[in-house]
Structures are given as C-alpha cells and as structure tokens.
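Since the structure comes first, as structure tokens, the remarks are kept for the end.
The values are calculated or read from the model by the stated rules, or taken from the named source; none is laboratory data. Since the structure is predicted, the reported quantities are computational estimates derived from the model, not experimental observations. Every residue, glycine as well, gets a Cβ built from its backbone with ideal geometry; the counts of neighbours run over all protein chains shown.
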Amino acid sequence: MKDIKLTTEELQALIAEEIENMDEGIIGQGLSRLKARGAGALARLGGGGEEGQQRAKGASIVKTAALNNLKARDAFAADFTGLFGDVQEIPQDMQESFKTIKEKFSDLSYALGQLMQDMKIQR
C-alpha cells in the first residue's frame with residue numbers, strides 16, 4: 001500500500017467532510033456518538049483544546065435535539081391530520097392553533113441550527 005501524505009489542514013477537511021456526510025437516520029444514536037467523537041478529534045486537531053471539544057460535543061447534542069424536534073413535528077402533523085383525514089378537514093376553530101404549533105416546531109429547529117453555528121470553533 002502506498003503511503004499518503006496529508007497536511008493537517010487536508011486531514012481536518014477530510015474528517016469534517018466525513019462527519020458532515022454521515023446520515024443519522026440510518027444508524028441512529030450509535031452514529032451520533034461516533035460523530036461526537038470524530039468532532040472531538042477534529043477539535044483537538046484544530047487546536048480547539050478543551051473548549052473545542054466541548055463545542056463539538058455540544059453541537060452534536062444540539063443536532064440530535066434538532067433532529068428529534070423535526071421528527072416530533074412530523075409525527076404531530078401526521079397524527080393530527082390522520083385524525084381528521086386531511087389538513088383541510090381540521091375544524092376551523094383548531095386550524096390556527098395547529099398552524100401555530102407547526103410554526104413553533106420550525107422556529108425551534110431554526111434556533112437550534114443557529115446555536116449549532118454559534119458553537120463552531122472560532123479560528
């Protein structure tokens with residue numbers, strides 16, 4: 001096997017790309033833990049030290065919360081519309097509240113995404 005030489009920056013980029021490309025829907029929480037460890041290793045490589053590790057682990061926690069929020073939103077919408085057969089069939093006096101709740105789920109997802117961005121290591 002031929003030796004491959006990578007710079008620290010190339011290795012960091014490769015690890016970061018692999019972490020981003022992992023799909024949590026396929027393997028679940030085991031993958032989340034693996035991604036957190038990978039992110040922690042990336043933080044150490046990047047010189048983020050202990051704070052970098054904390055940020056990477058925190059970002060993993062927030063990402064899991066965001067995914068869980070989206071799943072909860074989808075389950076809520078599916079169950080509620082399943083009860084009435086269609087969104088248009090939801091009684092008029094409930095439609096506004098239904099839309100508001102769906103918007104709140106989306107707002108939470110957006111806020112969690114912002115927090116994940118804030119947790120990135122500043123270089």
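Is it the case that some residue within region 57-64 is in a helix (DSSP H, G or I), charged (D, E, K, R), at pLDDT 85 or above and surrounded by 11 or more Cβ atoms within 10 Å (Cβ to Cβ)?
yes
Keeping to region 73-119, report how many residues are surrounded by fewer than 13 Cβ atoms within 10 Å (Cβ to Cβ) and outside any helix (DSSP H, G or I).
Final tally of qualifying residues: 3.
If you check residue 47 against the conditions, is it at positive phi, in contact with a Lys or Arg (Cβ under 9 Å, 6 or more places away or on another chain) and at pLDDT below 90?
Answer is yes for this residue.
Could you give every pair whose Cβ atoms fall below 6 Å, whose first residue belongs to region 47-69 and is within 23 Å of residue 110 (Cα to Cα), and whose second residue is outside any helix (DSSP H, G or I) and not β-branched (Val, Ile, Thr), counting only separations of at least 6 or pairs across chains?
Note: pairs meeting the criteria are 55/119; 58/119; 59/119.
If I filter region 98-120 down to residues being among the charged types (D, E, K, R) and modelled with pLDDT of 85 or more, which single residue comes out as farthest from residue 75 (Cα to Cα)?
Among them, the one singled out is 107.
For region 70-115, how many residues meet the condition of being of a type in the set (S, T, N, Q) and under 20 Å from the mean Cα position of the chain (by Cα)?
So the answer is 3.
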